[in-house]
Amino acid sequence: MEKLEQFVKLVEKWTVKINLISKPSVPFIWERHIQDSVQLYQHAPAGDHWVDLGSGGGFPAIVLAVMSQQDGRDTKFTMVESDQRKCVFLRTALRELGVKGEVLNARIEQTPALDADILSARALADLASLIEFADQHLKKNGVALFPKGENWKAEDIDARTIWNYTCDPIPSLTNPAAAILKIKEITHV
């Protein structure tokens, strides 16, 4: 809890300068961002390498890395972010929290395959695009966890015109109409 509280203070401080999260969501950071990240951890399988795409303000990656460290897991966390300023924030947060992780300042589609056991992306792109990224960066037997909003069913229908995959929708704890999509076994149509 102490490290998460420290992380929240960092996000609040940096958001003023580089807009890590929307200003209206700052008072609700615990409900809207921390809890949203925690629920991903609760549904993740065991894995040696977790990749988070479009890591931005560290949600969910930093929260997940803190939880993994507290559980004594030796999971490697890799964060891919194209915005240099946000990369500086992510590296600062890792250092100040004493949490291990690697930050790649790169475009997702230009990054060599990362061979993730677990892959996540929050508020990054539509499901079809996320599955394309997962196809590139996820191990063959890996699992992707994508929190999606109220339109997740329509995104799932659209994505299935391009991709075959197994999808287990898990109801979100933070929004009853939203879901965490647990995706695996990805192939092109």
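So the values come out like this:
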| item | result |
| --- | --- |
| Helix runs (DSSP H) in the chain reaching 18 Å along axis by Cα, Kyte-Doolittle at least 0.0 | none |
| Shape parameters for the chain, alpha-carbon atoms, Rg then Dmax in Å | 15.6, 46 |
| Residues 50, 163 arranged by fewest to most Cβ contacts within 10 Å | 163, 50 |
| Ranked by how many other beta carbons lie within 10 Å on average, peptides 128-140, 51-63, 67-79 from highest | 51-63, 128-140, 67-79 |
| Simple spin-label estimate for residue 174 and residue 30 in nanometres, 7 Å along Cα-Cβ | 1.4 nm |
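Here, each number is a calculation from the coordinates, and none is a lab measurement. These figures come from a predicted structure and were not determined experimentally. Methodologically, a virtual Cβ is constructed for each residue, glycine included, from the backbone with ideal geometry; neighbour enumeration extends over all protein chains shown.
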